[in-house]
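Visitor: Below: one structure in structure tokens.
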Amino acid sequence: MTNQLRFWVGALALSAIAYGAPKTYDLVVWNAAKAGDVQVDPGEYKVKIEGANAVFTSTQTGKSFTVPVKVDSAEKKYSQTEILSTKKGETEQINAIEFGGSKTELEFGQ
């Protein structure tokens, strides 16, 4: 096998691995809120979608938590990241997150 062929086979294998890897999104939460039954403190997060779950990892502390979600895909990309929420008593409840630059929306159950 020539070196050039080995290079292309390796590049193809790496791209297949990267394509199959879960997508990660950046998110800033400005106010304390609940996503499903989980309390989300203000801060910066990396959000990774793994099947029917979203894994939030704080960029400040490195702590992670998992929340069940429904993943939807819009017809066109969202222009900006937006957290859609409602106030329930004293608690802010996250209903959905639309990730800017993607067609991905996460919906949270209560």
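Visitor: Spelling out what I want: for every residue of segment 89-101, take phi, set θ = phi - 60°, compute 6.51 cos²θ - 1.76 cosθ + 1.60 (Karplus), and round to whole Hz; glycine and proline get x.
Guide: x, 8, 9, 7, 10, 6, 8, 7, 10, 9, 9, x, x
Visitor: Take the alpha carbon atoms of segment 61-108, find their radius of gyration, then divide it by 2.2 N^0.38 Å using N residues; give the quotient.
Guide: Against the empirical 2.2 N^0.38 Å value, I get 1.29 for segment 61-108.
Any read-out appearing in this document is the output of simple, stated calculations on the displayed coordinates, not a laboratory observation. Here the structure is a predicted model, which means the values were calculated and not measured.
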